[in-house]
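Chemist: Mind having a look at this structure? Questions to follow.
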Amino acid sequence: MTKRIGVLLSGRGSNFEALAESVATGRIPNAEIAIVISNKPDARGLERAKARGIETRLIPSKGLEREAYDRQVAAVLHEYEVDLICLAGYMRLLSPYFVAEFPQRILNIHPSLLPSFPGLESQKQALDYGVKVAGCTVHFVDENLDAGPIIVQAVVPVQDTDDEHALSERILKEEHRIYTEAVKIILEGKFKIVGRRVIRTA
Ligand code: GRF
């Protein structure tokens, strides 16, 4: 059975593109991206999806209360019968309603080694703190910000010459790689969650 992925994004869409490429080339087997939803009309990710012939939906969030908005998004995801939801630069907090609607079926990519540097501008936070290694995390989404069980992480070195741009670029390459890896693990069902730990199974 082909698994159906829904992607939520707000901007550039490079993680979406990486997932779409992995689906197209079979690195994520037996899957399709059924729908891409953005809350921002000018999200480049929407154009990238259209260019690939993937269905898109713009659901503007301005002025809407969080749960009312999330109910609209959830309705579209149900309409497209998605099995997995991938947040890919989706700049909104999810309501408890939304999280409960799709238990253990929402993933997020975050540009830090969680639990370090949650929230915005993680790469800048890492540089300002002075860490020597940085990285990225794919995790399940729960009610808290950047906090659910971790599926895959990747480490990148911080160079003395790095500015925010250089470090972000190095991390982004790894984001694209591990998001594919995590989606594959979850769609194949080869894992179990024990406490906070996501354990791989054969
Ligand atoms: C990425 O750094 C991702 O980790 C964070 O937002 C950024 C989105 O980039 N959540 P893109 O839109 O996927 O290019």
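A short reminder: the numbers here are calculations on the coordinates, not readings from a lab. These numbers come from a predicted model, not from an experiment. All Cβ positions, glycine included, derive from the backbone under ideal geometry; neighbour counts span all protein chains shown.
Chemist: Over 29 Å between Cα atoms: which of Lys132/Lys173; Lys62/Lys124; Lys132/Lys190; Lys40/Lys124 fall into that group? Don't skip to the end; give the middle numbers.
Modeler: Details: Lys132/Lys173 18 Å; Lys62/Lys124 27 Å; Lys132/Lys190 33 Å; Lys40/Lys124 24 Å.
Violating the 29 Å Cα-Cα cut-off are Lys132/Lys190.
Chemist: Where both partners of a DSSP beta bridge lie in the chain, what percent of those bridges are antiparallel, to the nearest 5? Provide the component values of the computation, followed by the final result.
Modeler: Values: 15 of 33 bridges.
Once the DSSP bridges in the chain are tallied, antiparallel ones form about 45 percent.
Chemist: For the stretch 1-103, go through all pairs of different Cα atoms, get the mean of 1/r, take its inverse, and jot down that Kirkwood value in Å.
Modeler: Values: mean 1/r = 0.0732 Å⁻¹.
One decimal place: 13.7 Å for the Kirkwood radius.
Chemist: While we're here: Measuring from a point 7 Å past the Cα of Glu164 along Cα-to-C-beta, which residues in the stretch 121-146 have an amide N at less than 20 Å?
Modeler: Backbone N within reach: 121-137, 146.
Chemist: Same structure, new question: What's the extension gain from Ala51 to Arg177 if we count 0.36 nm per residue and subtract their Cα-Cα distance? Kindly include the intermediate steps, with their values, before the conclusion.
Modeler: On the way: separation 126, 0.36 × 126 = 45.36 nm, distance 2.17 nm.
Answer, rounded to one decimal: 43.2 nm.
Chemist: Calculate for the chain the 222 nm mean residue ellipticity that helices alone would give, adding -39,500 (n - 2.57) per DSSP H run of length 4 or more and normalising by residue count, nearest 500 deg cm²/dmol. Walk me through the numbers before you get to the answer.
Modeler: Working: 6 runs with 73 residues, N = 202.
Here the helix-only value at 222 nm equals -11500 deg cm²/dmol.
Chemist: Which distance in nm do the two modelled labels at Val155 and Lys192 give, with both placed 7 Å along the Cα-to-Cβ direction?
Modeler: Those two pseudo-labels are separated by 2.8 nm.
Chemist: Just subtract the alpha-carbon distance of Ser116 and Asn30 from 0.36 nm times their residue separation and send over the number in nm, one decimal. Show your work: numbers first, answer last.
Modeler: Details: separation 86, 0.36 × 86 = 30.96 nm, distance 3.40 nm.
So the extension gain works out to 27.6 nm.
Chemist: Among the trypsin sites (Lys or Arg not before Pro) within the stretch 1-93, which fall in a DSSP loop and have no more than 12 other Cβ atoms within 10 Å of their own Cβ?
Modeler: Values: sites: Lys3, Arg4, Arg12, Arg27, Arg44, Arg48, Lys50, Arg52, Arg57, Lys62, Arg66, Arg71, Arg92; in loops: Arg12, Arg27, Arg52, Lys62, Arg92.
Answer in residue order: Lys62.
Chemist: Ok, one more. Report the Rg/Rh value for the chain, based on alpha-carbon coordinates and the Kirkwood definition of Rh. List each step's numbers first, then the result.
Modeler: On the way: Rg = 16.3 Å, Rh = 17.2 Å.
My calculation puts Rg/Rh at 0.95.
Chemist: If you stretched the chain out fully between Asp128 and Ala202, how much longer would it get, using 0.36 nm times the residue separation minus the C-alpha to C-alpha distance? Each step should come with its number before you reach the end.
Modeler: Working: separation 74, 0.36 × 74 = 26.64 nm, distance 4.05 nm.
Between Asp128 and Ala202, full extension yields an extra 22.6 nm.
Chemist: Which whole-percent values make up P(r) of the stretch 104-187 when all C-alpha to C-alpha distances are grouped in 5 Å steps starting at zero?
Modeler: Percent of pairs per bin, in order: 3, 17, 29, 23, 16, 9, 3, 1.
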